[in-house]
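A short write-up of the structure that comes next.
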């Protein structure tokens, strides 16, 4: 699909599903709690939840970059051309039928 | 705001891993670039493995010896949720297919599939079942 990757920055900015906040209770050591509080103050965060979310986002960004790099390594593998959909689907449906009893 | 959330049916996963020139591979390229979120459950994951393994064994045109490496990549890049219990019924309702139930459980907007059984259902439980090409178009339309 031409131009797919060129549109990704726009795609990332135009997401349509609202995030839903979830609450988790996490046990931390005194030292870890102190570190979080320090990050909150130094980083101007409103809460330690904001600090944790920021850490998760940073880690996700790093993982996303690594996943993209890995994909580029893999992308040369596989048969040339498009998938033979009907032939593949025939086998897939057989496997699904077996799995669903 | 979150990214669009989708469950990739095994018909698309096996096509994407096996052939590099089609719409299914373009879906994984979009996923690699962060264009949407792929979600999986233990059940979905094991179906991906079973179907890829079977097609690799049977289909003569299969040409990807590294399919295990591809599955590992897809598992790593897909977000994970536990299975939800599926109600056992005497007569199976196609709307209660485990793929659909997984999509409902993770609040996915889309199931991306080549499977006509799913495509025929259109929008079971509010989840849009669409082909890879339609999914790519839907995502690009948002830009």
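Rounded to two decimals, what is the ratio between the C-alpha radius of gyration of the protein assembly as shown and 2.2 N^0.38 Å? The partial results should precede the final answer.
On the way: Rg = 19.5 Å, N = 244, 2.2 N^0.38 = 17.8 Å.
Its radius of gyration relative to the 2.2 N^0.38 Å reference: 1.10.
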Practice problem: Give me the compactness ratio for region A:29-76, meaning the Cα radius of gyration over 2.2 N^0.38 Å. | Solution: 1.63
Practice problem: Please find the FRET efficiency linking residue A:31 to residue A:56, where r is the Cβ-Cβ separation and R0 is fixed at 22 Å, and quote it to the nearest 0.05. | Solution: 0.65
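Report D for region B:5-141 in µm² per second (integer): Stokes-Einstein, Kirkwood Rh on Cα pairs, 25 °C, 0.890 mPa s.
Numbers: Rh = 15.1 Å.
Estimated via Stokes-Einstein, D reaches 162 µm²/s.
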Quiz item: So what is the 222 nm mean residue ellipticity for chain B from helices alone, if each DSSP H run of at least 4 adds -39500 (n - 2.57) and you divide by all residues, rounding to the nearest 500 deg cm²/dmol?
Solution: -14000 deg cm²/dmol
Exercise. Mind telling me which of B:33, B:16, B:56 comes out most flexible in a GNM of chain B, alpha-carbon contacts under 10 Å?
Key: B:33
Practice problem: Using DSSP, restrict attention to beta bridges with both residues in the protein assembly as shown and report what percent are antiparallel, rounded to the nearest 5. | Solution: 10 percent
Quiz item: In whole angstrom, how far apart do the alpha carbon centroids of region A:32-101 and region B:106-126 sit?
Solution: 21 Å
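Relative contact order of chain B, please, whole-number percent, based on alpha carbon pairs below 8 angstrom and at least 6 residues apart.
On the way: 200 pairs, mean separation 43.7, N = 143.
Reported relative contact order: 31 percent.
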Exercise. When a/c is below 1.5 the answer is rounded, else prolate if a/b is larger than b/c, else oblate, so apply that to region B:4-68 with a ≥ b ≥ c taken from the square roots of the Cα gyration tensor eigenvalues.
Key: oblate
Quiz item: Of B:59, B:72, B:47, which has the largest mean-square fluctuation in a 10 Å C-alpha GNM of chain B?
Solution: B:59
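All of the numbers you see were taken from the coordinates with simple rules; none came from a lab. Note that this is a predicted model, so its numbers are computed, not measured. Here Cβ is always computed from backbone atoms with ideal geometry, including for glycine, and neighbour counts include all displayed protein chains.
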